[in-house]
Amino acid sequence: DTAVSQTPKYLVTQMGNDKSIKCEQNLGHDTMYWYKQDSKKFLKIMFSYNNKELIINETVPNRFSPKSPDKAHLNLHINSLELGDSAVYFCASSQGILGNQPQHFGDGTRLSIL
Amino acid sequence: AQSVTQLDSQVPVFEEAPVELRCNYSSSVSVYLFWYVQYPNQGLQLLLKYLSGSTLVKGINGFEAEFNKSQTSFHLRKPSVHISDTAEYFCAVSDLGTDKLIFGTGTRLQVFP
């Protein structure tokens with residue numbers, strides 16, 4: 001059973017397009033996250049949601065819009081894709097927002113902008 | 001936490017040798033500390049964490065780490081590595097009471113036969 005699953009695994013698209021990445025967790029966690037990992041493997045938090053409420057919103061362009069329909073799902077929609085958006089996007093989940101519980105990561109979505 | 005520094009971007013080592021991956025952090029408050037491992041084309045997996053208590057923390061796959069508050073370090077060690085330990089290792093920090101993880105830039109551990 002996959003704990004945190006992301007779809008699609010690979011996404012190749014052209015500049016200017018709009019795309020979405022979906023994430024689902026079956027761990028019963030109440031907090032979910034989106035991270036961006038660049039070509040140098042640097043990993044940075046973008047957003048977090050706790051029980052469908054936005055908790056962390058880093059300095060991310062407003063072309064990126066997360067949406068949490070319920071606490072088991074956190075999707076990421078990206079408008080007007082740019083070359084610099086090429087990266088691996090990871091979804092993660094954990095229990096609570098106090099930071100003392102580990103985060104469980106999906107396998108990532110590799111986004112390539114042509 | 002304000003930053004995490006992993007001084008070694010790559011660490012080559014022979015199988016069965018010991019290894020230490022270094023991690024230093026800066027923060028004006030108390031922190032939680034984590035080490036994650038990333039195998040190729042996979043997400044991150046938790047190796048170990050320090051929340052409070054004993055400064056020596058044991059994790060999975062024979063890894064351990066020691067929290068040193070005075071040196072603001074959390075170095076990862078393994079007494080004898082295997083080929084299967086070849087991966088990217090990330091140190092991460094969050095301020096006490098928050099879940100915002102700040103990651104280091106990662107250390108690529110390459111184990112040779």
Under the Karplus relation with 6.51, -1.76 and 1.60 and θ = phi - 60°, whole-Hz ³J(HN,Hα) for the stretch B:65-82, x at Gly and Pro, equal 9, 10, 7, 10, 5, 5, 9, 6, 10, 8, 7, 9, 9, 8, x, 8, 8, 10
So what J values fall out for the stretch A:27-33 if you push phi through Karplus, 6.51 cos²θ - 1.76 cosθ + 1.60 with θ = phi - 60°, rounded to Hz, Gly and Pro as x? 8, x, 6, 10, 10, 10, 9
Once amide hydrogens are built 1.01 Å from N within the peptide plane, the residues lying 5 or more places from A:Ala87 or on another chain with amide H under 5 Å from its amide H are A:Leu111
Mean 1/r over distinct Cα pairs of the protein assembly as shown, inverted to a Kirkwood Rh in Å, yields 18.1 Å
Let's see if you can work this out: charge +1 on each Lys and Arg Cβ, -1 on each Asp and Glu Cβ, no other charges. What is the dipole magnitude of chain A about its Cα centre, in debye to the nearest 20? 220 debye
Between B:Lys100 and residues 5 or more places away or on another chain, the pairs with built amide H atoms under 5 Å apart involve B:Asp95
Hey, got a sec? Which chymotrypsin sites (Phe, Trp or Tyr not before Pro) in the stretch A:1-86 land in a DSSP loop and have at most 12 other Cβ atoms within 10 Å? none
Which whole-number percentage describes the relative contact order of the stretch B:1-103, with Cα contacts under 8 Å and a sequence gap of 6 or more? 35 percent
What number in nm² do you get for the stretch B:30-86 if you take the convex hull of its Cα atoms and divide its surface by four? 4.4 nm²
From the Cα centre of the stretch B:19-36 to that of the stretch B:51-87, the distance in Å is 10 Å
Can you tell me the relative contact order of the stretch A:3-114? Whole percent, Cα pairs under 8 Å, sequence separation 6 or more. 37 percent
What nm value, rounded to one decimal, do you get for the distance between B:Leu7 and A:Thr59 when each label is placed 7 Å out toward the C-beta? 2.9 nm
Quick one: of A:Lys9/B:Lys58; A:Lys44/B:Lys58; B:Lys49/B:Lys78, which pairs are farther than 24 Å apart, Cα to Cα? A:Lys9/B:Lys58; A:Lys44/B:Lys58
GNM flexibility winner over chain A from A:Thr31, A:Thr59, A:Thr13 (Cα, springs under 10 Å): A:Thr59
Springs between alpha-carbon atoms under 10 Å, Gaussian network over chain B: tell me which of B:Phe74, B:Phe63, B:Phe14 tops the mean-square fluctuations. B:Phe14
Just want to confirm a number: the relative contact order over the stretch A:55-114, from Cα pairs under 8 angstrom separated by 6+ residues, in percent. 27 percent
In order through the stretch A:107-114: 3J(HN,Hα) via Karplus (6.51 cos²θ - 1.76 cosθ + 1.60), integer Hz, x for Gly, Pro: 7, x, 10, 8, 9, 10, 9, 8
If the elastic network links every pair of Cα atoms under 10 Å, which of B:Ala65, B:Ala87, B:Ala17 fluctuates the most in the Gaussian network model of chain B? B:Ala17
If one puts a single equal scatterer on every Cα of the stretch A:1-85 and applies the Debye formula without solvent, what log₁₀ I(q)/I(0) results at q = 0.20 Å⁻¹? -1.00
Taking placed amide H atoms and a strict 5 Å upper bound, the residues 5 or more places from B:Glu15 or on another chain that come that close are B:Phe112
What per residue convex hull volume, in Å³, do the alpha-carbon atoms of chain B yield? 93 Å³
Write out the GluC sites (Glu not before Pro) in the stretch B:1-30 meeting two conditions: DSSP loop, and at most 12 other Cβ atoms within 10 Å of their Cβ. B:Glu16
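A short reminder: the numbers here are calculations on the coordinates, not readings from a lab. Keep in mind it's a predicted model, so treat the numbers as computed, not measured. Cβ atoms come from the backbone with ideal geometry, glycine included; neighbour counts cover every protein chain shown.
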